[in-house]
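Only one structure is covered here, and it is reproduced in the block below.
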2 protein chains.
Amino acid sequence: MKPKLFNYFFSGFAILFFALSLQTTAQETEKYKHLSSDLVTIFSKTLQEERKIYIHCPRPDSTNRNKKYPVLYLMDGESHFDMLCQYTEYLSRWDVDKMPEMIVVGITNTKRTRDLTPTESNLNYFGKPDTSRVSWMKPSGGNEKFLQFIKNELVPYIEHHYKTQPYKILAGHSFGGLSAINCMLTHPELFDAYIAVSPSFWWDNDYLLTLAKRKLPQIPLTNKTLFYSDASEGISDSSSFHTNLLKFDSLLTNSAPAKLNHLYKYYPTETHMTEPLLAYHDALRFIYKDWKKNDKGH
Amino acid sequence: MKPKLFNYFFSGFAILFFALSLQTTAQETEKYKHLSSDLVTIFSKTLQEERKIYIHCPRPDSTNRNKKYPVLYLMDGESHFDMLCQYTEYLSRWDVDKMPEMIVVGITNTKRTRDLTPTESNLNYFGKPDTSRVSWMKPSGGNEKFLQFIKNELVPYIEHHYKTQPYKILAGHSFGGLSAINCMLTHPELFDAYIAVSPSFWWDNDYLLTLAKRKLPQIPLTNKTLFYSDASEGISDSSSFHTNLLKFDSLLTNSAPAKLNHLYKYYPTETHMTEPLLAYHDALRFIYKDWKKNDKGH
């Protein structure tokens, strides 16, 4: 028996050694360097609370250490900051070259509905009073205060600590889209371009459509840019989501100052949550459609 | 003079203190956590050289520690790894939910033309002999050896070290697209789905179109998926780039086994370098068009 057992053992070891010698092993394992960004916590005097802000800067340009960049301010930073960093980085690569390098500032939420709605309202998505006991709709109506925070605290902070050009974009989705358009209507001087992906016009009985009707003919929007879009919302839930976008688009076409650059995109085969992937890309391409690398300014 | 000077100083300090009290300061600054991925260096016996590989895994699922994931193998990792990580992460989020979480493996280049072309050739983009003294076209024709590296070394390495499902995708752009289709034709068993963004059919007098014509009627492609696309190449340079894609699409429609799922997308307003942003997204959506979260398998 002994020689046979020995043979078994020997052939087993031989197979093991053979397998080990075939197996590919890593010479070295380290961490891949994805983009690098800051997370700063600032105390807002306007909002009387701490806010977490994500900030992504392009890699330093060794040939131009004083290079300055336009800035994109993004609401719902926790949802879409990575996406916008990826788009601005890729589209500004030297071999892609469709827009300038850009600083991306992602504002994260504390009380989202409070900050991103223009009025206090208890009307739900279908225009009925919200009767749920614990409602995600409360509190609401703090958008003006939130915009004051952006204007008086966040923008000065970014412009003090980072190498910024004056050109600024405000971008948001859903309630964030509502806020972008509210900002354009009530503080048109604050940003140069606005991106509103599926803005929630349903808020408070279409409050923002009424405001737009009144404000659009009066406010200075020359050379400003606005991109707005929606997806399958109005189809999938038989709501007025899509017809509201059509009404807004018609208002802009009929009442807005002639020199506002605006584009409406409709993505009927996308959902409320897949749409940002396409819409944020298309919005950047629209804002920079006439951009040439060596243009002055942004 | 003294009191006046004192007053100047005093008012200067007062303004400084006032300004400091207004300025928003960060309570805390740290690094934002973008995705986390590995960079491993492995020695390939087939290629007789070290290769750097990027590997991104979904965040561990605390409710299912043995969860396994399909794997996307991406050529030109240095160009498109971040993009594919971003797409697979976003589209698999619980609130987006259009595809399963996925491991992304980015293969970076050493000698790109050598590895990603199926034959040795000196014919350039317009089918003329390449006469440049230092040519990016040399050496060429090593794709079979590169696919052997993927098959015998890289895939076993990934499956040994990471929690993989059997479902595998091979994705590439330009020469990488050529390689994806060459792999499907010559090793159809190796991957379940192939993504070929602007494949360089022009290589060696349309070598791969001729191969496709011969191979397509014979090879087993049941339940396999193929996405292929092109952009403005044929328009912008009056080459046969676009007509080659049309020929391939017609071959597939006429000669391929009935059960191959295939989709051709044409992006005439995109360039060779902007196209991957749209095409890789659309390819993932196509591969997973019928995916439901609780499906078994991938």
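Figures for the structure shown
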quantity: Degrees between helix A:241-255 axis and first principal axis of chain A (Cα, 0 to 90, nearest 10); calculated: 50
quantity: Ascending count of other beta-carbon atoms within 10 Å, so fewest first, for A:Tyr157, A:Tyr280, B:Tyr194; calculated: A:Tyr157, A:Tyr280, B:Tyr194
quantity: Estimated vicinal HN-Hα couplings, Hz - region B:47-64 in sequence order (Karplus 6.51, -1.76, 1.60; Gly, Pro = x); calculated: 8, 6, 6, 7, 10, 9, 10, 9, 9, 10, 10, x, 4, x, 8, 5, 8, 8
quantity: Within-14-Å neighbourhood charge of A:Cys57 [Cβ basis; K, R +1; D, E -1]; calculated: +1
quantity: Neighbouring partner chain Cβ atoms per residue of B:81-93, average, 10 Å criterion; calculated: 4
quantity: Prolate/oblate/rounded label for the protein assembly as shown (Cα gyration tensor, a/c 1.5); calculated: prolate
quantity: Amide H contacts under 5 Å for B:Lys265, placed H, 5+ residues apart; calculated: B:Tyr228, B:Ser229, B:Asp230
quantity: Lys/Arg +1, Asp/Glu -1 at C-beta; region B:33-287 dipole; positive extreme among B:Leu185, B:Asn64, B:Gly127; calculated: B:Asn64
quantity: Chain B shape via C-alpha gyration tensor axes, a/c threshold 1.5; calculated: prolate
quantity: Helix A:77-91 axis, angle to chain A major axis (alpha carbon atoms, nearest 10°); calculated: 80
quantity: In nm, spacing of pseudo-spin labels at B:Glu49 and A:Thr269 (7 Å Cα→C-beta vector); calculated: 4.0
quantity: Electrostatic dipole magnitude of chain B [Cβ: Lys, Arg +1; Asp, Glu -1; Cα centre; debye, to 20]; calculated: 460
quantity: Ellipticity estimate at 222 nm from DSSP helix runs (n ≥ 4, -39,500 (n - 2.57)) divided over the protein assembly as shown, nearest 500; calculated: -11500 deg cm²/dmol
quantity: Under 5 Å, built H, 5+ apart or other chain: amide partners of A:Tyr194; calculated: A:Leu170, A:Thr225, A:Leu226, A:Phe227
quantity: Per-residue mean of C-beta atoms belonging to partner chains within 10 Å, peptide A:33-44; calculated: 5
quantity: Pseudo-label separations to other copies for B:Thr271 - Cα-to-Cβ vector, 7 Å, nm; calculated: 3.5
quantity: Within region B:265-296, backbone nitrogen closer than 19 Å to the virtual label 7 Å beyond the Cα of B:Ile235 toward Cβ; calculated: B:265-280
quantity: Angle between chain B longest axis and helix B:2-22 axis [Cα atoms, degrees, rounded to 10]; calculated: 40
quantity: Karplus-derived HN-Hα couplings along region B:178-184 (A = 6.51, B = -1.76, C = 1.60, θ = phi - 60°), whole Hz, x at Gly and Pro; calculated: 4, 5, 4, 6, 4, 5, 4
quantity: When the convex hull of its Cα atoms is projected in every direction, mean area for region B:241-298 (nm²); calculated: 5.3
quantity: Listed pairs A:Lys265/B:Lys213; A:Lys224/B:Lys98; A:Lys151/B:Lys33 exceeding 32 Å between Cα atoms; calculated: A:Lys265/B:Lys213; A:Lys224/B:Lys98
quantity: Mean separation of Cα contacts under 8 Å, 6 or more apart, over the residue count of chain A: relative contact order %; calculated: 15
quantity: Distance (nanometres) between label positions extended 7 Å along Cα→Cβ at B:Glu78 and B:Trp94; calculated: 3.9
quantity: Table column - 3J(HN,Hα) (Hz), region A:93-101, Karplus curve with 6.51, -1.76, 1.60, x for Gly and Pro; calculated: 4, 4, 9, 10, 6, 10, 7, x, 4
quantity: Rounded, prolate or oblate (a/c below 1.5 giving rounded, otherwise prolate when a/b exceeds b/c) for region B:170-209 by Cα gyration tensor; calculated: oblate
quantity: Simple label model, 7 Å out from Cα along Cβ direction - B:Lys163 to B:Lys259, nm; calculated: 3.1
quantity: Under-5 Å amide H pairs with B:Leu123, H placed in peptide plane, nonlocal only; calculated: B:Asp130, B:Asp204
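Readers should treat all values here as calculations from the given coordinates under stated rules, not as data from a laboratory. None of these values were measured; they are calculated from a predicted model. Positions of Cβ are backbone-derived with ideal geometry, glycine not excepted, and every protein chain shown enters the neighbour counts.
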